[in-house]
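Trainee: First the structure, then my questions, so here it is.
The values are calculated or read from the model by the stated rules, or taken from the named source; none is laboratory data. Nothing here was measured: the structure is a model prediction, and the numbers come from that model. Please note: Cβ atoms are built from the backbone with ideal geometry, for glycine as well, and neighbour counts cover all protein chains shown.
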Amino acid sequence: MNNPFLLLNYEPAIENLGQEYYDIVEAAKFPQQKLRFRNDHLLPILGYSMESVKDDDFIEAFGLFESIRPLLALRYHGYQFGYYNSDLGDGRGFLYGQVRGNDGILYDFGTKGSGQTPYSRNGDGRLTLKGGVREVIASEALYAMGVNTSRCLSLIETGESLWRGDEPSPTRSSVMVRFSRSHIRFGTFERLHYLQRPDLIEKLLIHVIETYYPEIAKQKDAFVVFYAELVKRVAQLAAQWMAAGFCHGVLNTDNMSITGESFDYGPYAFIPTFNPNFTAAYFDSTGRYSYGNQPYICHLNLEMLQVPLSLVIPKDELANGLSQFETHYYQHYCSLMLKKLGLEESSDGVKLVQKTCDLLLETQIGYHECFNLLNREFNLDWFEDSANILKNIELTQAGIWQNWKDVYHYFLAQSTREKVKAQLDRNNLSNVPLRPLIESLWQDISEQDDWHQFNELIASFQKISGSIQEAIS
């Protein structure tokens with residue numbers, strides 16, 4: 001056995017909790033295994049180089065599932081569009097294994113589309129190839145934009161024809177492997193409350209803190225501190241989505257990670273213009289999970305999580321932790337938006353951020369195009385006179401346009417010129433995957449099996465994220 005993935009030192013972290021938290025399952029057998037994407041940027045975390053891992057190694061481990069570990073379907077419930085659903089759990093994927101990276105962090109390999117489990121209900125346990133392509137694009141784009149997110153390790157086409165109501169059918173099938181901090185969800189705790197098992201809630205909470213929040217594990221009030229830290233992480237994640245112009249689509253509690261990490265996006269979309277009412281999911285008829293509603297929904301999901309946690313944590317302490325959500329959110333959102341404008345944090349920066357949001361809303365200029373214009377057209381003349389800022393761009397709302405330029409000039413005058421350009425470069429993605437771009441590259445794949453546009457897009461994201469990591473290190 002010389003497959004690097006099979007030689008990894010897998011840790012039985014979830015298994016050690018006991019079978020109250022999962023079911024042991026078997027992967028489906030597929031007629032074909034064709035590697036469509038391998039994330040070589042993740043291999044160094046596992047201690048491997050690109051050259052040391054062959055395509056066949058991905059296929060053997062994540063297509064044929066020649067695993068030396070038990071495969072686990074995790075159990076959870078969740079609030080879906082506001083209604084509690086006790087008929088959930090991993091229905092088309094499982095936890096392949098957990099391994100500690102050379103950074104000391106424990107990571108999950110979680111599959112999607114790998115077959116039926118006890119929680120598949122009437123589903124086939126499969127993932128469409130388009131669904132896999134979309135998740136690879138989202139995760140790599142978000143990572144390049146600095147959003148806390150899971151990523152995709154591999155995508156393998158599996159040769160089956162699937163029928164779906166939301167895609168032209170038959171459509172192609174795939175198995176994706178997600179690389180994330182944890183697949184423990186808010187809904188994992190909600191299920192244990194449903195079963196009235198405070199003992200299992202406490203056991204899981206201890207595991208979560210020791211594994212994912214080790215810096216607080218020895219504190220006397222570790223449970224209380226954990227919830228406050230989770231509130232902070234989720235508030236910051238919501239701010240990251242909003243600044244990135246990303247709409248998750250389906251923020252049910254079973255799609256919320258206990259580590260505050262993006263995953264299970266579903267029918268996500270990046271907003272074309274600044275529209276708080278924009279919805280990503282065609283079935284979200286009420287706009288519950290609209291772009292502008294995301295901070296509120298994240299707050300609400302944290303509030304719902306208090307129900308199971310209150311069996312082991314005092315309610316007043318939980319309320320105190322959640323009370324800091326808005327402060328964490330607005331501070332982080334303001335900081336991120338200023339960086340997109342090329343600026344450092346400022347005590348009165350909220351004024352410019354509000355003016356920017358007003359400009360984007362009133363003019364409906366492309367959200368991402370606006371920031372990319374600043375980056376492409378940046379000129380030192382801007383520091384001299386506000387009239388020089390994007391002087392060739394005319395908007396019908398001339399008054400609000402000039403007012404914004406005056407406020408922006410005020411902040412530019414207090415900034416270091418070289419740092420402004422560096423911030424603009426670092427914090428604005430030039431090729432954001434809006435729906436037309438995704439549909440264009442998918443058309444190439446579906447009609448001609450042409451992956452060039454997809455590969456070039458992912459390479460552009462990874463070039464940016466790689467440059468950022470080098471600058472940080």
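Trainee: Give me the residue from the range 255-267 that is outside any loop (DSSP other than H, G, I, E, B) and surrounded by 22 or more Cβ atoms within 10 Å (Cβ to Cβ) and, out of that set, farthest from the chain's Cα centre (by Cα).
Mentor: Step one: list which residues in the range 255-267 are outside any loop (DSSP other than H, G, I, E, B), which gives 255, 257, 262.
This time we only want the ones that are surrounded by 22 or more Cβ atoms within 10 Å (Cβ to Cβ), so: 257, 262.
Values: 257: 10, 262: 3 Å.
It comes out as 257.
Trainee: Something else now. Considering (1) of a type in the set (A, V, I, L, M); (2) touching a Leu at 6+ places or on another chain (Cβ under 8 Å); (3) surrounded by fewer than 19 Cβ atoms within 10 Å (Cβ to Cβ), say which one residue 307 fails and leave the rest.
Mentor: (2)
Trainee: Then there's this: Does residue 429 satisfy the condition of being assigned to a loop (DSSP other than H, G, I, E, B), touching a helix residue (DSSP H, G or I) at 6+ places or on another chain (Cβ under 7 Å), surrounded by 15 or more Cβ atoms within 10 Å (Cβ to Cβ) and touching a residue at least 60 places away in the same chain (Cβ under 8 Å)? Don't jump to the end; show me each part of the working.
Mentor: Values: assigned to a loop (DSSP other than H, G, I, E, B): yes; touching a helix residue (DSSP H, G or I) at 6+ places or on another chain (Cβ under 7 Å): yes; surrounded by 15 or more Cβ atoms within 10 Å (Cβ to Cβ): yes; touching a residue at least 60 places away in the same chain (Cβ under 8 Å): yes.
For residue 429, the condition - assigned to a loop (DSSP other than H, G, I, E, B), touching a helix residue (DSSP H, G or I) at 6+ places or on another chain (Cβ under 7 Å), surrounded by 15 or more Cβ atoms within 10 Å (Cβ to Cβ) and touching a residue at least 60 places away in the same chain (Cβ under 8 Å) - is met.
Trainee: Do we find a residue being within 15 Å of the chain's Cα centre (by Cα), assigned to a helix (DSSP H, G or I) and aliphatic (A, V, I, L, M) anywhere in the range 268-289?
Mentor: Taking every residue of the range 268-289 in turn, none turns out to be within 15 Å of the chain's Cα centre (by Cα), assigned to a helix (DSSP H, G or I) and aliphatic (A, V, I, L, M).
Trainee: Tell me yes or no: at least one residue of the range 234-251 is modelled with pLDDT under 95, surrounded by 17 or more Cβ atoms within 10 Å (Cβ to Cβ) and assigned to a loop (DSSP other than H, G, I, E, B). I'd like the intermediate steps shown before the answer.
Mentor: Restricting attention to the range 234-251, the residues satisfying the condition of being modelled with pLDDT under 95 are 249.
Okay, now just the ones that are also surrounded by 17 or more Cβ atoms within 10 Å (Cβ to Cβ), so 249.
From what's left, assigned to a loop (DSSP other than H, G, I, E, B): 249.
Yes, there is a match, as at least one residue in the range 234-251 is modelled with pLDDT under 95, surrounded by 17 or more Cβ atoms within 10 Å (Cβ to Cβ) and assigned to a loop (DSSP other than H, G, I, E, B).
Trainee: How about the range 71-99: which of its residues are in contact with a Phe, Trp or Tyr (Cβ under 9 Å, 6 or more places away or on another chain) and surrounded by fewer than 17 Cβ atoms within 10 Å (Cβ to Cβ)?
Mentor: 81, 84, 85, 86, 87
Trainee: Being in contact (Cβ under 8 Å) with a residue 12 or more places away in the chain, surrounded by 13 or more Cβ atoms within 10 Å (Cβ to Cβ), more than 19 Å from residue 114 (Cα to Cα) and assigned by TED's automatic domain parsing to the domain that holds residue 159 narrows it down to one of 26, 20, so name that one. Spell out the reasoning first.
Mentor: Values: 26 fails: more than 19 Å from residue 114 (Cα to Cα).
Result: 20 is the single residue among 26, 20 that is in contact (Cβ under 8 Å) with a residue 12 or more places away in the chain, surrounded by 13 or more Cβ atoms within 10 Å (Cβ to Cβ), more than 19 Å from residue 114 (Cα to Cα) and assigned by TED's automatic domain parsing to the domain that holds residue 159.
Trainee: Follow-up. Among 125, 132, 165, 187, which is the only one that is within 24 Å of the chain's Cα centre (by Cα) and either outside any helix (DSSP H, G or I) or not small (Gly, Ala, Ser) (or both)? Even if it seems obvious, please write down each step before you answer.
Mentor: Values: 132 fails: either outside any helix (DSSP H, G or I) or not small (Gly, Ala, Ser) (or both); 165 fails: within 24 Å of the chain's Cα centre (by Cα); 187 fails: either outside any helix (DSSP H, G or I) or not small (Gly, Ala, Ser) (or both).
It is 125.
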